[in-house]
Each structure stands twice: as structure tokens, then as C-alpha cells.
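Notes to accompany the following structure.
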């Protein structure tokens, strides 16, 4: 191995690792909301429909943002876009962590002006607005990192190495679940032992909801939800600094050759700009495979978000687990199911399926549907060790297409338009929160968890059928 190859391999490994850490930290200031949800309900009575609406608005804005920032990242410095995004996400999380104080200030200001407004309504609006802003800022992450990685990884290796990189999703979600669900939420509530005054105060605040279970639930979560936003924000601030200082956009920035012969996307002449715009239209906007992958992404993300965003609530209410044990299952879902699944399915794609990631996704969605059905059949109150295997298998199967669809889109569009193509997928993926967010909350609140499980199962089957229509597609678009 000559010195150039050795240097390239070292920089490639460094880029994969640092971008993995960077994107994991985006999850620190996004999926912390899932663990805080029971606390927001316990302390402020925020309904499932309201929580679902937060998730839906956040997801839709995030999907649109991924598209917009995919175009930005394709034409500018991807690492700058990612760094600014993570920095601002941290700021927004700090604001969310003090949103009840902001709501109290608004109520007091309205009272001085002779207007009476309900604290609960103001709080929901404050939280909703802040979380929608977070959704836009989150969309500055994955398109930027996708752009960077396609400059450092050859298409023949993309499925395997990008699947390893996609472990950052599960690592970030798993770590923030552990931080908030094991450390912050269970240990920072009110101490109820021998404190009749505290019990009386809580009972008065809860009114007609003040049965023993409600009082204990309130006490367990009191104030702890706040640190679920403030502590991850501190990690994100450090991550933003690391992205801008430790990552290079492409090999040419360190004097190394590109992995593929290509024309730069930031060209200057009018003729070159016209050529590039036509290339993007042909490879992305008029490419039926990109749109098929987008529709499949919609169904896959409904399943993934149902387990990820609603996991702690779903497991405690539909399966009778404690918050700590529900957190454990969510972490196993991410760390073992998700990580093993992404690496295994990526390796399988490159080794046995001729880099045709779309075929792998078909088999994964079949496995996802079977796993969802098995988990649904487990009765409420069953031991955790009975529940953990099928729940983990959902992660093992669904994280295959979660990782591979973006890889397939990048290969179909080529590395000249990879971020734009992934922006299209992002719109579809996060439009899924119309179902996995407010839709899921509405079904769970009005039709019970059986209706919610049926919804997940139908989405998995629709994802499988969509991928079947793409069976004969080529592995990539470089020869077209």
C-alpha cells in the first residue's frame, strides 16, 4: 500500500467516525423528547394528541428542511451547514427546557394587559413552536453528512460503510434514552417519603385526577423532563465545535484524489451551471427510482417512529412495563437490533446482492411485518424477557431499509446529487409523522393500542409492496 492510499484510508476512517459522532449528537437534541413525553404528561397534563402533533409538525418541517438543506449542502460547504445546524439545535433545546417559565411570563404579561389566558394553552403553543424550529434545524444534519461521505467512499463500498455510519442513529438514540430514561427521569423527581405537605400540594394541583397513581407519577417526573433538554444541549454545543474543526468536506481539501471522476457542483460558468441543473433534474426529479424510494421511505419511517418516538409511552401503557424497563427495551432496540441490523444488511447487500440495496429492503420489510405481528400478540403484563426479542427484531429489520434507502438514493443520483436525492427521501420520510405522530396519538387515545399496532403492521406491508415494484432497478446510476 503506497503512502497516498494509506493516507486516504486514514482520512476516510476519521471522516466516518467523526461524522458518526456528529450525527449521534443531532439525535441527542431530537430523541430526548421521546423520554420527556411521560414527564410532560404527568406534570402538565399534555395529551397524546398534543404530543403527537408536536411530533408531526417537527417531522414535516424536518423533511422539508432536509430537502432544502440537501440543495444547500450540494452547492456549499457541507460541514459548515452541519455545524451551524447542531449549534442552533442546542440553543433551541435550552429554550424548550425553560419553556414553562416562558409560558408563565406570557401569562403574567397578558394579565397586566387585562387579558386572561390559560397557562396550559400557552405552554403547548410555546413548546410546539420551539419544537418546529428544532425540526428545521435538524434537517441540516443528514444531507450534509451524506454529501461528505459520498465524497470519501467509493460506490462499490457505499452500502457496507454507510451502513456502519448509520449506526450513529441508533447510538445517538440509545445513549440519549439511557441518559434521560435511566439517569435523569427516575432519580430527579420529588421524594415523597414522609412529606405530607408535598402530597397535599400535588393533590390540589391535579384536582380530580389526584388518585394515588397520578400523585406518584407526577412526583416521579416532576421537573426532571427539563434536564432531558438542557443536558443533551451541552453535548451538542461541543459537537458543533468538533464538526467544524475535525471534518473535511472531500479528499481534495487534504491533497488527496477524489474517489470518482466528477465535475464540481459549485461551478462558475453559466454553461456549467446549466449542465449541472439538467443533471440534477434527470438524476433526481425525473428519476422514477428516487420517487419509488421516497414512497417506500414514508411507510418505513412510520414503523420506525412508532417504535422510536412512542416507544417509552407504548411499552409502559400497552405492555405494562416500568419507565426504566421500557427504556431498556428501547436501548436494546437501538443498540442491538438497529446497529446489528444496519451492519448485517449492508454487508449482505454488497456481498450477495450486487450492491442492489432496494432488493435487501424488500426482505427487511417482510421481516418487519412478521416481527410487529409477533410483538402485538404478547399480552399486557408479560415478562420483559418475553417482550424483548420480538421488539428487538423490529429494530433489526426496520433499520436495514432505514440505512439502505438513503444509500440506494445516493447511488441512483450519483455523488454529484446525493444530498438532493436524500432531501427528496427526507420529505417522504418525515411526512410519515402525519401518521406516526398526531395520527398515532389520535388512534391510541381513541381506539386503544390495538388500533395503533394494526396501523404499524399495515405500514410495514405497504413498504414491502412498494419495494417490490423496484426489483429490476440497477444498482446505481453512474453508467446512465
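Taken together, the values in this text are just the output of simple stated rules run on the coordinates, not laboratory data. Note that the structure is a prediction, hence the values are computed from the model and not measured. Don't worry about glycine lacking a Cβ; one is built from the backbone with ideal geometry, like all the others, and counts go over all protein chains shown.
Which ordering of 399, 136, 27 is given by a fewest-first count of other beta-carbon atoms within 10 Å?
Numbers: 399 30, 136 20, 27 25.
Fewest-to-most Cβ neighbours within 10 Å comes out as 136, 27, 399.
Sort 10-18, 315-323, 228-236 by the packing proxy (mean of other Cβ within 10 Å over each peptide's residues), most packed first.
Numbers: 10-18: 17.0, 315-323: 18.8, 228-236: 21.7.
For the peptides 10-18, 315-323, 228-236, the packing ranking is 228-236, 315-323, 10-18.
Could you work out how much longer the chain between residue 244 and residue 273 gets when fully extended? Use 0.36 nm per residue separation minus the Cα distance between them, nm to one decimal. Working shown, then result.
On the way: separation 29, 0.36 × 29 = 10.44 nm, distance 2.76 nm.
Difference between extended and current length: 7.7 nm.
Principal-axis analysis of the Cα atoms of the chain puts helix 323-332 at an angle of about 10° to the longest axis. Summary of the geometry: the stretch 426-480 and the stretch 61-96, compared by the centres of their Cα atoms, lie 25 Å apart. By the helix-only formula, in which each DSSP H run with n ≥ 4 contributes -39500 (n - 2.57) and the sum is divided by residues, the chain has a 222 nm mean residue ellipticity of -24500 deg cm²/dmol. Protection proxy ranking of 284-294, 383-393, by the mean of other Cβ atoms within 10 Å over each peptide's residues and highest first, is 284-294, 383-393.
Across every pair of different alpha-carbon atoms, what Kirkwood hydrodynamic radius in Å does the stretch 278-436 reach?
Numbers: mean 1/r = 0.0614 Å⁻¹.
Roughly 16.3 Å, rounded to one decimal.
For the stretch 373-470, relative contact order (Cα pairs under 8 Å, six or more residues apart, normalised by length) works out to 18 percent. The label-point distance for residue 445 and residue 458, in a model that sets each label 7 Å from Cα toward Cβ, rounds to 2.0 nm. Label-to-label distance, residue 2 versus residue 383, with points set 7 angstrom from Cα along the beta-carbon direction: 6.2 nm. A viscosity of 1.567 mPa s and a temperature of 4 °C, combined with the Kirkwood radius over C-alpha pairs in the Stokes-Einstein formula, give the stretch 54-119 a diffusion coefficient of 88 µm²/s.
The C-alpha radius of gyration of the chain, expressed as a fraction of 2.2 N^0.38 Å, stands at 1.00. Taking the chain as the reference, fit the longest principal axis to its C-alpha atoms, fit the long axis of helix 119-138 to the helix C-alpha atoms, and give the angle between the two in degrees, 0 to 90, nearest 10. Tilt of helix 119-138: around 10 degrees.
Can you bin the stretch 140-179 into rounded, prolate or oblate? Criterion: square roots of the alpha carbon gyration tensor eigenvalues sorted a ≥ b ≥ c, rounded for a/c under 1.5, prolate for a/b above b/c, oblate for the rest. Since a/c reaches 1.5 but b/c is at least a/b, the shape of the stretch 140-179 is classed as oblate. Between residue 468 and residue 84, the simple label model (points 7 Å from Cα in the Cβ direction) yields a spacing of 4.6 nm. Neighbour counting of Cβ atoms within 10 Å sorts the residues 432, 163, fewest neighbours leading, into 432, 163.
The packing ranking, built from the mean of other Cβ atoms within 10 Å per residue, places the peptides 110-122, 85-97 in the order 85-97, 110-122, highest first. Let a ≥ b ≥ c be the square roots of the eigenvalues of the Cα gyration tensor of the stretch 1-145; is it rounded (a/c under 1.5), or, if not, prolate (a/b larger than b/c) or oblate? Prolate, since a/c reaches 1.5 and a/b exceeds b/c.
So what is the diffusion coefficient of the stretch 68-185 in µm² per second by Stokes-Einstein at 4 °C and 1.567 mPa s, using a Kirkwood Rh over Cα pairs?
76 µm²/s
Using R₀ = 41 Å, calculate the FRET efficiency as 1/(1 + (r/R₀)^6) where r is the Cβ-Cβ separation of residue 71 and residue 111; round to 0.05. It comes to 0.35.
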